[in-house]
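Novice: Pasting in a structure now, in structure tokens, and then I'll have a few things to ask.
Where a number appears in this text, it was derived from the coordinates with a stated rule and is not lab data. For clarity, every value in this text was computed on a predicted model and none was experimentally measured. Reconstructed Cβ throughout: ideal geometry from the backbone, glycine too, with neighbour counts over all protein chains shown.
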Amino acid sequence: MPDSIGCVMRSRVCKDAPAGNNAVTPAGGPKVMKNGVRQDEHPGTVGALIDWCAGELDAGGVYCGHGTASTIDESASLVYHVAGLEHDALNHNVRAAHYALPIDAKQFEQVHELLRRRIDRRIPTPYLLNEAWFAGLKFYVDERVLIPRSPFAELIVARFEPWLGHAPVRRILEIGTGSACIAIACATAFPDSTVVATDVSDAALEVAAINVARHGFNDRITLLQADVFDGVSGYFDLIVSNPPYVPEAEMESLPAEYLHEPSIALASGPDGLASARRILQDAAGHLESGGMLAVEVGAGWRDLEAALPRLPFVWPALERGGEGIALIRATDLAGAQSGKVS
Ligand SMILES: C[S@@+](CC[C@H](N)C(=O)[O-])C[C@H]1O[C@@H](n2cnc3c(N)ncnc32)[C@H](O)[C@@H]1O
């Protein structure tokens, strides 16, 4: 398998092409663009370029785990971005019209350059584009924050029904906000609420501030530097957290794409449950009596349940994939406090 987009392109397209930056035209031959790509290999339309690009991603052996499930989806993100198109996945007519649009040589070069960085350096596509989607909303992202992909999205959009019932949700706390995608999705889903969104990382909070401002929530979302609950005051109707939950020993075996994400957003002690335990230990002291805690632990959910048999966790079915979001009522948490959450 070729380890470089340059090799992929040259082997598939133009073995003898010069590697210089400027376009040249061999006598009587086709124009050769940057990195040895021949202009006559130009796929022509958005749809054809998406297919071509997916083939390059497949040949380059990239790992898709950052908001897209396949190389064709990643390819569409790259091409749409360069073509200045907005996704409208539900509208097939719009999509067909987009796919028929022409691609020019400059756009082809831009896509090729992005592909090179994606394949050679294993940079996840959302970091290349500084763009990620969560709960139908667009977010600025860079390597200071985890790329949004939590299955929390579908629960938030559904306003945690039926588990929250009709209890008013006025104050929400999000622990470990990263890009602020969950805080912003919550503020959108619960328009009468205010949200306190915390992170221990100042760098992450800088990115969160960009997104809070872009979504116009400066008046409803407060960003706070805090270590779990240390530095958090008050009571909340809903506490939401997607804390780090990768067991430390697993960090080294993650696909290279994940090494671009902050390790503080992923690793959480020997069994991956260190952060979740801290949250479960102290959440009762910050929840209103009718409140609820929602915390994600991914594949560690069975271990958590086995370790804390006194807590009546609810694990909602996640229709869009993912696993391991626990819902726990304040009263159940308080009842279990006589036993140590450890
Ligand atoms: C898995 S990421 C989740 C980011 C974002 N909420 C999302 O769902 O995309 C975990 C976040 O928790 C933050 N974090 C790690 N340890 C923390 C701690 N002790 N207190 C608060 N936040 C913490 C990390 O900096 C990171 O932004």
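Novice: Per residue of region 260-270, in order, report the coupling 6.51 cos²θ - 1.76 cosθ + 1.60 (Karplus, θ = phi - 60°) as ³J(HN,Hα) in whole Hz, putting x for Gly and Pro.
Specialist: Along region 260-270, the couplings run 7, 8, x, 5, 5, 8, 10, 7, 8, x, x Hz.
Novice: Who wins for biggest fluctuation among 270, 316, 162 in a Gaussian network model of the chain, springs between alpha carbons below 10 Å?
Specialist: Of 270, 316, 162, the most mobile in the Gaussian network model is 162.
Novice: Residue 305 to residue 233: FRET efficiency via 1/(1 + (r/R0)^6), r the Cβ-Cβ distance, R0 30 Å, to the nearest 0.05?
Specialist: On the way: r = 30 Å, r/R0 = 1.01.
Rounded to the nearest 0.05, the efficiency is 0.50.
Novice: Over the Cα atoms of region 77-233, Rg to Rh with Kirkwood Rh, two decimal places? Provide the component values of the computation, followed by the final result.
Specialist: Details: Rg = 18.2 Å, Rh = 17.4 Å.
Reported Rg/Rh (Cα atoms, Kirkwood Rh): 1.04.
Novice: Further question on the same structure: What is the angle, in °, between the Cα long axis of helix 202-214 and the longest principal axis of the Cα atoms in the chain? Nearest 10 is fine, range 0 to 90.
Specialist: Between the helix axis and the principal axis of the chain, the angle is about 80 degrees.
Novice: Can you compute 3J(HN,Hα) from phi for each residue in region 218-231, using the Karplus curve 6.51 cos²θ - 1.76 cosθ + 1.60 with θ = phi - 60°, rounded to whole Hz and x for Gly and Pro?
Specialist: With the stated coefficients, region 218-231 comes to 4, 8, 10, 10, 9, 8, 9, 7, 7, 9, 6, 8, 5, x Hz.
Novice: Compute the label zone of residue 170 within region 277-306: residues whose backbone N is under 18 Å from the point 7 Å along Cα-to-Cβ.
Specialist: Answer for region 277-306: 286-292.
Novice: Sticking with this structure for a sec: Determine, from the Cβ-Cβ distance of residue 100 and residue 202 and an R0 of 51 Å, the FRET efficiency 1/(1 + (r/R0)^6), rounded to the nearest 0.05. Working shown, then result.
Specialist: On the way: r = 47 Å, r/R0 = 0.91.
Plugging the Cβ-Cβ distance into 1/(1 + (r/R0)^6) gives 0.65.
Novice: Taking a temperature of 20 °C and a viscosity of 1.002 mPa s, what whole-number D in µm²/s does Stokes-Einstein yield for the chain with Rh from Kirkwood over alpha carbon pairs? Display every interim value, and only then the final one.
Specialist: Details: Rh = 21.9 Å.
For the chosen part, D equals 98 µm²/s.
Novice: Only residues of region 106-125 count here: report those whose backbone N is under 12 Å from the spot 7 Å along Cα→Cβ of residue 143, or say none.
Specialist: Of the residues in region 106-125, 121-124 have backbone N under 12 Å from the label point off residue 143.
Novice: Can you give me the distance in nm between label points at residue 314 and residue 194, each placed 7 Å from the Cα along the Cα-to-Cβ direction?
Specialist: The answer from the label model is 2.8 nm.
Novice: With the cut-off at 1.5 for a/c, could you classify region 132-336 from its C-alpha gyration tensor as rounded, prolate or oblate? List each step's numbers first, then the result.
Specialist: Details: a/c = 1.43, a/b = 1.03, b/c = 1.39.
Cα axes put region 132-336 in the rounded bin.
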